[in-house]
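Structure first, then comments.
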Amino acid sequence: MYGMTGYGDAKVSCPCGVFRIEVSSVNHRFRETSVKLPSECSVLEWRIKKYIEGKIRRGKVNLYLRWEEKKQDRKISIDSDLAAKYLKAFRKAARELHLKGDVEMRLLTNLPEVVRVEQVGVEAEKLWPFIEKGVGKACESLLAMRKKEGKVTQRALDKSLLCIGTRLKGIGKRTGKVAGNYTKVLWKRVRELGVGGNESKLAQEIAFTVQRMDITEEITRLSGFLGQFSSMVKKGKDIGRKLDFLIQEMNREINTIGSKSNDLSISRSVIDIKAELQKMREQVQNVE
């Protein structure tokens, strides 16, 4: 079993610098992935998202990548055509103004766009193997934390399941006694009221009334849901929504048991079971 809260980071070196990656996740009803990258790596966003979504099925995931770039080689180029145009214009102006001397090279190199200095860039695709490695390490760290949280949650759920199972067994044992006692109470009431008539028909009506209070089916279904829940908890990943659904069904059954029952001891057990189911619901909200 995995939780949905966690954090992981990684550092990867490459010839063009160092990549530092941080990834975190919190609980979310579905899966939502957010990636923040330097502009030079933005074309790789879809790859990173696809990688993360292959590892994580549920939760809100945020990844932040920082690139500590090494100083790259610079490419220097001179626009000879532009410099020639500048030179021609200067010489023409000199003739018109009857000036002596010629234009120096340093003047030409200081003119706009004659000398261009460009940093040699790195293609994003060539960076992907290093980034993939870093994202993988960060995700492994994140998943390790989510797994630890899942184990804690599993222990809490197992404890609640044991408590509910114990209470449910108590309800089952009490059910037969309640039916017999309630039948006696109804017959006593009939005699106190002096109701006459067909004894056989009265017995049928009393039996029908007691039958409507029978909770055997609800106990059986609830017991079955507990077994399914326990099996899913042991299964592991991608079970959060299924567990949440089972808790809804268990709540429905225990509510029916509570409404049908006319016994103080059973009512107390129902309250205890509902309290445990509420704890389980809160725990399941953070299960992947």
Could you list Lys55, Lys100 in order of exposure, starting from the residue whose Cβ has the fewest other Cβ atoms within 10 Å? Lys100, Lys55
Within a 10 angstrom radius of the beta carbon, how do Ser269, Ser141 rank from fewest other beta carbons to most? Ser141, Ser269
Checking the table Lys147/Lys169; Lys173/Lys237; Lys60/Lys151; Lys148/Lys279; Lys173/Lys274; Lys234/Lys279 against a 26 Å threshold on Cα-Cα, which pairs fail? Lys147/Lys169; Lys173/Lys237
Which links in Lys11/Lys36; Lys50/Lys242; Lys36/Lys137 stretch past 22 Å when you go from one Cα to the other? Lys50/Lys242
Give me Glu132, Glu123 sorted ascending by neighbouring Cβ count inside 10 Å, so fewest comes first. Glu123, Glu132
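No value in this document is a laboratory result; all are computed from the given coordinates. Owing to the predicted nature of the structure, the values given are computational and were not obtained by experimental measurement. As a convention, Cβ positions derive from the backbone with ideal geometry for all residues, glycine included, and neighbour counts pool all protein chains shown.
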